[in-house]
């Protein structure tokens, strides 16, 4: 397998998708609800795909904490600088963990006897109708989107970040026996088995690449090979 070609192809696809999402988001202040929902439906699987791509880069090129990595040409992605860059959080390299807490089947108020009196004045609260055209805040979405945008601009840097985090977690594992991997077990976040958006196929390919790299690490010596 030509790992360099596969990594570059998936990264370029994610760059194009994120660029389209940034155009959809505009200034990111407020957005119609249906636009924000549409961006989230692409952003979540795109984040998961990039996390797996970072895992592939780290494993394939054997990036370790504190080891310098030779960087390739700087990608032509506009960077955010100054105050705007300071407000952009670092990209989250670990999947959100699944919650296995039991959910209550009773929603709203607890079941209690409803006692009414003839002289009681009943006040009915107005029903709130949610419209897809409602203006909603997109601040959190924009922070996540910009974090992914910046991370795509320097994949080796993200791989070094992941190596440092894993080194710390391995130290904790040695003491406590607990360890959290970057990729959560099972299907990745944002996975849609019947999805037809290009991001669904990118996520599937990146997930398969990461599993293959983790279970059968290639001995490349930092160079790509083809089979």
Mind listing just one residue for me: the one in region 16-45 that is in contact (Cβ under 8 Å) with a residue 12 or more places away in the chain and either in a loop (DSSP other than H, G, I, E, B) or within 15 Å of residue 210 (Cβ to Cβ) (or both) and, of those, farthest from the chain's Cα centre (by Cα)? 29
Inside region 28-58, the number of residues satisfying the requirement of being surrounded by fewer than 20 Cβ atoms within 10 Å (Cβ to Cβ), out of contact with any strand residue (DSSP E or B) (no Cβ under 7 Å at 6 or more places or on another chain) and over 12 Å from residue 145 (Cβ atoms) is 6
Pick out the one residue from 80, 69 that is surrounded by 13 or more Cβ atoms within 10 Å (Cβ to Cβ), within 20 Å of the chain's Cα centre (by Cα) and at pLDDT below 95. 80
Those residues that are over 19 Å from residue 163 (Cα atoms), out of contact with any helix residue (DSSP H, G or I) (no Cβ under 6 Å at 6 or more places or on another chain) and at pLDDT 75 or above, I need them from region 87-105; list them, please. 97, 98
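Let's see how each residue does on (1) in a helix (DSSP H, G or I); (2) touching a residue at least 60 places away in the same chain (Cβ under 8 Å); (3) within 14 Å of the chain's Cα centre (by Cα); (4) exposed (fewer than 13 other Cβ atoms within 10 Å of the Cβ):
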position	(1), (2), (3), (4)
144	yes, yes, yes, no
149	yes, yes, yes, no
166	yes, yes, no, no
174	yes, no, no, yes
179	no, no, no, yes
182	no, yes, yes, no
192	no, yes, no, no
200	yes, yes, yes, no
205	yes, yes, no, no
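The values are calculated or read from the model by the stated rules, or taken from the named source; none is laboratory data. Keep in mind that this is a model prediction, so the values were computed, not measured. When we count neighbours, we look across all protein chains shown, and the Cβ atoms used for this are built from the backbone with ideal geometry, even at glycine.
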